[in-house]
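Shown next, in structure tokens, is the structure this report addresses.
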Amino acid sequence: MQQPAVNVMVKAARAGGNVLLRNMHKLDALNVVEKERMDYASEVDGLAEEAIIKELRRANPDYAILGEEGGAQKGNRGPSRYTWVIDPLDGTSNYLRGFPHWCVSIALCEGPEPIHAVIFDPLRNELFTASRGSGAQLNERRIRVAERRELAGAVFTTGFPPRERKRAGAQLKCVGDLLSSAEDVRRTGSAALDLAYVACGRSDAYFESGVQPWDIAAGVLLVREAGGRVSDFRGAATGPLHIETGPRHLVAGNVRIVDPLLKTIVSSGYLQAFS
């Protein structure tokens, strides 16, 4: 049985997803803003976030909010130990181009740690949920990370965010080294869905730099509750709400495959690009 907080989050995610679905057939008429170089947001991102926040505030008005579009907001009674972390449209570039791979991501964090997570893919009607200590589910069926133990034959996912292009050469060297053993490396355009796919075994592992708390907060908990490991490129556990440190780098997979992936990130020179 889902936790009450997860039920609230599911309702909010579906509300946001409905906004996205209603607008996906009129993309040419949307107002699009370039927040940073090659980093876009549309009016639909904001509308979806408003719909999500409305549902979350109705249930828990005293919780703080950290949204990709609206930024940090206090609860009705000021600071709170609980924070909703919201990405109303993870995969905005995909959405604006009509590429059918994007989602809504919501996490509830206690301090820096996610305790409940929802990732909703409206196009496939796939609902990923997790609660700390209670496992992870896809459409209410338990999921687990894949069991591959080595790089050979593995499928990895990654991303090439615009703000990380100065390290693109090092990242591509890492990808090339991985492909000497791995089956493939995929780039889907949605960090949240990448993490959800690791949690359910569709991908063996994921790595990316430049991710923000709203990109990863829900996915981090999904992977952990599905039996996986999440760390930064140095192998240290990472907390999604330490936003004062800025964008971060992340690795996620089962406990056996993360170490050889980290070794490749080091040996390829990719880690050194962050020093």
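The values are calculated or read from the model by the stated rules, or taken from the named source; none is laboratory data. None of these values were measured; they are calculated from a predicted model. So basically every Cβ, Gly included, is an ideal-geometry build from the backbone, and we count neighbours across all protein chains shown. Heads up: the accessible areas ignore ligands, DNA and RNA and are worked out on the full protein's heavy atoms, side chains in. Shrake-Rupley method; radii C 1.70, N 1.55, O 1.52, S 1.80 Å.
Summary of values
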item	result
Neighbours by Cβ (under 9 Å, 6+ apart or cross-chain): first from the stretch 54-69, in contact (Cβ under 8 Å) with a residue 40 or more places away in the chain and of a type in the set (Gly, Ala, Ser); second in a strand (DSSP E or B) and buried (at least 18 other Cβ atoms within 10 Å of the Cβ)	67/84; 67/85; 67/86; 67/87; 67/88
Selection from the stretch 200-239 of residues that are touching a His at 6+ places or on another chain (Cβ under 7 Å), free of Cβ contacts under 8 Å to residues at least 60 places away in the same chain and open to solvent by less than 10 Å² (accessible area, probe 1.4 Å)	233
Candidate set from the stretch 133-145 (those that are open to solvent by 20 Å² or more (accessible area, probe 1.4 Å), over 17 Å from the mean Cα position of the chain (by Cα) and not charged (D, E, K, R)); member that is nearest to residue 17 (Cα to Cα)	139
Test: residue in the stretch 68-77 that is within 23 Å of residue 163 (Cβ to Cβ) and surrounded by 18 or more Cβ atoms within 10 Å (Cβ to Cβ)	yes
Test: residue in the stretch 123-132 that is touching a helix residue (DSSP H, G or I) at 6+ places or on another chain (Cβ under 9 Å) and more than 26 Å from residue 16 (Cα to Cα)	no
The listed residue being over 16 Å from the mean Cα position of the chain (by Cα), buried (at least 24 other Cβ atoms within 10 Å of the Cβ) and under 22 Å from residue 191 (Cα atoms), out of 86, 52, 65, 106	52
Complete set of residues in the stretch 252-273 that are among the aromatic types (Phe, Trp, Tyr) and surrounded by fewer than 15 Cβ atoms within 10 Å (Cβ to Cβ)	none
Residues located in the stretch 91-136, provided they are outside any loop (DSSP other than H, G, I, E, B), farther than 20 Å from residue 65 by Cα and modelled with pLDDT under 95	92, 93, 94, 95, 96, 97
Candidate set: the stretch 178-192, residues that are more than 21 Å from the chain's Cα centre (by Cα) and surrounded by fewer than 18 Cβ atoms within 10 Å (Cβ to Cβ); chosen: the one nearest to residue 121 (Cα to Cα)	183
